[in-house]
Amino acid sequence: MGSLSEEVMHRITIVGGGAGGLELAVRLGKKLGRKKKALITLVDASRTHLWKPLLHQVAAGTLDSHADEREYFALARSNGFEFRLGRMDGLSREKKEIYLEPTVDENGEELLPRQALAYDTLVIALGSQTNDFGTKGARENCIMLDSLPAAERFHKKLINCCLRAQSQAQGAGEGRFTVTIIGGGATGVELAAELHMTTKILSSYGLVNFHPEKDLKIVIVDAAPRLLQMLPERLSDAVAKELRSIAIEVHTNEKVMEVTKEGVMMASGKFIPSGIVVWAAGIKAPDFLKEIDGLESNRINQLIVNRHLQSSRDPAVFALGDCCACPQGEGLPMVPPRAQSAHQQASMLAKSLARQLQNKSLLEFTYKDHGSLVSLGNYSTVGSLMGAIASGSVFIEGTLAKWMYWSLHKHHQVAVNGLFHTWLSTWAETIDRVRNPRIKLH
């Protein structure tokens, strides 16, 4: 039972602790929670936060997830908001309650019972998950690279395959292990490059019978005419050239029809035998959001919102990030599902909800495209800066692009942890790179 002051405070409940949801909770906690102007509650099914664009590095083993994870309970305590562990599975707009399914421990025993959580203002920031478009065998035979457990599961399978190759010497071209990545967007492309770098490092750690070029084959498959279809063609061409230079196979204009235990079958009749298949093509919002309690959603379950980020059918329910479809204006496409979109929406909504408590009008969201960057591990980083530097697009690559990609992550850390803690953690990362192996070996 909360105190009287808590009961009369306006309750802002944020569901989803990803890039947008956590940044919003931190901003509102500092602005309103600490000053007892509102009760800010963040809900997430996980106890820790990891920046989602890092998942491909966790999968490849070039990032130890524990080094970058932050505990939600600790963040809540230091930033003026409350944290509730649980996975949302229902909503009652009439009662102004969300429902959390029972939480179980690693043994399947109930840790927390089913819960109901009240709100005055609800913000849904649940992000997205992989969309397999109903492809036959995809769910059963692919690793969907959209969560930390999936990335860690992939890494274990990769290390096991390398150890298996080490245990028996083979002739050139024999018993080659193939990793097929379905999806030529940023996640698929970055994962392919990180994997190539990982296997080269692994071979230097005493695995004398493991040869990256002989024992491992990396393939990218995409239905679009080129990689990174949503980005400028010059950027796409530069990435494809870089990947082919490190012997990564690229198959574009190839629609996947079925995934089996043996490999991937394309509509063209081409079949790729595969040891591991990763699905990194397409996104959708969680299935339970589809028209949840009468809210309007689109074909990929995103909640339809207006320029204030309010849902189209309930002014008390907001949504941000990948799980919402937000218009940019007449004749323009919806705001793209990128980390920078979620960051900008969280920043605007924090100001907007504070204004609402003062009976001021809500702000309208305007998306600013700061460009796109694709990291290819230690090989290269390429990208484009849109509009911010010059009209049109400025193409960048090499050291400048690497620094900018790194700075995007640091910008998120500053928003969540503050400048001083980010500075300290950056020094700790630098020391760890000298002290620890270049890749995670377990």
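When peptides 102-115, 324-337 are sorted by average Cβ neighbour count within 10 Å, with the highest value leading, the order is 324-337, 102-115.
For segment 77-147, taking the reciprocal of the average inverse distance between every pair of different Cα atoms yields a Kirkwood hydrodynamic radius of 15.3 Å. One chain, two ends: residue 74 and residue 252. Fully extended at 0.36 nm per residue, the span grows by 59.6 nm beyond their Cα-Cα distance. Once backbone amide H atoms are built at 1.01 Å from N, residue 14 has 41, 42, 43, 123 as its partners under 5 Å, excluding neighbours fewer than 5 places away on the same chain.
Separation of segment 111-158 and segment 69-93, taken as the distance between their Cα centroids, equals 17 angstrom.
The H on the amide N of residue 297, modeled in the peptide plane, is under 5 Å from the matching H of 291, 304, each at least 5 residues off or on a different chain.
Here, each number is a calculation from the coordinates, and none is a lab measurement. What you see is a predicted model; the values in this text were computed from it and never measured. Here Cβ is always computed from backbone atoms with ideal geometry, including for glycine, and neighbour counts include all displayed protein chains.
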